[in-house]
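Data block below; observations after.
Values in this text are rule-based calculations from the coordinates and carry no lab data. In this text, all values refer to a predicted model and were calculated from it rather than measured experimentally. Cβ sites come from the backbone with ideal geometry, for glycine too, and all protein chains shown count toward neighbours.
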Amino acid sequence: MNRPALQLVRGMPIIGPFAENWENVERFQARADDLLISTYPKSGTTWVSKIVDLILTNGDAEESRKGAIFERVPFLECSGPSLPSGTEILNKQDFPRVIKTHLPVDVLPQSFWDQNCKIIYVARNAKDVAVSYYHFYRMAFGHPDPGTWDEFLNSFMEGNVAFGRWSSHVKGYWEKRRQTDTLYLFYEDMLQDPMCEIQKVSRFMRKELSDKVLEKILTHTSFQAMKNNPMDNYSTFPFMDHSISPFMRKGILGDWKTHFSVSQNEKFDEYYQQEMANTDLSFRM
Ligand code: PPS
């Protein structure tokens, strides 16, 4: 498959074929009972989607295996050749819906704000996101060729990657969280104490779950369980070559240390100080 170039939508670079369906995304009618899972790419979207799905099924892993995670939690802005678009799928879906998006706050369809939908936002530290995104670009052919790691890292810092600047994304939802019904989570907290974060999500969804159900959810959402589950590991999704890099790659904190050279790290730290100077949002790296 030829790798399509990124296109600009409202000033934000987006995967080329996603731009083709933009009118339908912008017009999308959210409902008050929709639950939106929003993230900058590679921040734990699939992980939290699986947690939400298992909370909704009361920990019933067999029920949750009835479809791939990208079918159970459709991707709003997804669109491509020979694929039903996210909006097409969602417009036919039963309510209440759980919806995945990578759109930043200023590009999210207005109806999500008008309906005051519940939003679960997951943020991950920028250095690990950059590494994970680089490997994802290599294996997912909807993206342009990432070039070398150094070239990709520069594009990432410039915001010249799909969904734009990491810093605007994480800060945008952070600033909006108090005026909206948003649960703001961190990937690093999920790694450190997954049970605590699962409980936060279930409380946010107003679902009372027994300890036994919570334990089941914990088991089925571990990195290894999801990596081994074809419904969760994207092995059934087209346009990806897992032999280049698996979707479920490492799932750890600090993999950036094996990728950043000393000078890349210095440059990145300088960029990071500038981008994050005006916020109290902080990350563990
Ligand atoms: S996407 O394509 O933007 O929707 O990707 P996303 O799901 O947001 O992020 C993929 C990264 O999350 C890791 N992952 C997990 N880590 C720990 N535990 C669990 N259960 C888990 N599930 C997914 C996945 O491995 C990607 O990170 P990297 O660093 O590349 O391994």
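How many nm is it between the label spots at L281 and A32, if each spot is 7 Å from the Cα in line with the beta carbon?
Label-label distance for L281 and A32, simple model: 2.8 nm.
Looking at the square roots a ≥ b ≥ c of the eigenvalues of the Cα gyration tensor of segment 222-266, which shape do they give, rounded for a/c under 1.5, prolate if a/b is larger than b/c, or oblate?
Numbers: a/c = 4.44, a/b = 1.96, b/c = 2.26.
In terms of gyration-tensor shape, oblate.
At a temperature of 4 °C and a viscosity of 1.567 mPa s, determine how fast segment 54-133 diffuses translationally according to Stokes-Einstein, using the Kirkwood radius over alpha-carbon pairs as Rh; express D in µm²/s, rounded to the nearest whole number. If you can, show how the numbers build up before the last one.
On the way: Rh = 14.8 Å.
In µm²/s, the coefficient is 88.
Restrict the search to segment 141-230; then list the trypsin sites (Lys or Arg not before Pro) that DSSP places in a loop and that have at most 12 other Cβ atoms within 10 Å of their Cβ. Mind dumping the intermediate values first?
Working: sites: R165, K171, K176, R177, R178, K200, R203, R206, K207, K212, K216, K227; in loops: R165, R177, R178, R206, K207.
Passing sites in segment 141-230 are R178, R206.
So what J values fall out for segment 199-207 if you push phi through Karplus, 6.51 cos²θ - 1.76 cosθ + 1.60 with θ = phi - 60°, rounded to Hz, Gly and Pro as x?
With the stated coefficients, segment 199-207 comes to 5, 4, 5, 5, 5, 4, 7, 6, 10 Hz.
Give me, ordered by chain and number, the residues 5 or more places off F75 or on other chains with an amide H under 5 Å from its own placed amide H.
So F75 has HN proximity to K100.
I'd like the Karplus ³J(HN,Hα) series for segment 150-159: coefficients 6.51, -1.76, 1.60, θ = phi - 60°, whole numbers in Hz, and an x wherever there's a Gly or Pro.
The phi angles translate into 5, 5, 5, 4, 5, 4, 4, 5, 7, x Hz.
For the pair E266 and E71, what calculated FRET efficiency results from E = 1/(1 + (r/R0)^6), where r is the Cβ-Cβ distance and R0 = 30 Å, to the nearest 0.05?
E(calc), rounded to 0.05, equals 0.10.
Out of all DSSP beta bridges in segment 6-275, what portion is antiparallel? Express it as a percent rounded to 5. Display every interim value, and only then the final one.
Numbers: 5 of 20 bridges.
Percent antiparallel among DSSP bridges in segment 6-275 is about 25.
Could you please state, rounded to a whole Å, how far the C-alpha centre of segment 56-81 is from the C-alpha centre of segment 157-211?
19 Å
What nm value, rounded to one decimal, do you get for the distance between S222 and S235 when each label is placed 7 Å out toward the C-beta?
Computed distance between label sites S222 and S235 equals 1.8 nm.
Taking H placed 1.01 Å from N in the peptide plane, check which residues at least 5 places from A123 or on another chain put their amide H under 5 Å from its amide H.
It is L185, F186, Y187, by chain and number.
For segment 97-209, state the semi-axes of the equivalent ellipsoid (square roots of 5 times the eigenvalues of the alpha-carbon gyration tensor), sorted largest first and rounded to whole angstrom.
Working: eigenvalues 156, 64, 31 Å².
Whole-Å semi-axes of the equivalent ellipsoid: 28, 18, 12.
For the chain, rounded, prolate or oblate, judged on the Cα gyration tensor with a ≥ b ≥ c (square roots of eigenvalues), a/c < 1.5 rounded, else prolate if a/b > b/c? Don't jump to the answer; show the numbers that get you there.
Working: a/c = 1.31, a/b = 1.21, b/c = 1.09.
It comes out rounded by the Cα gyration axes.
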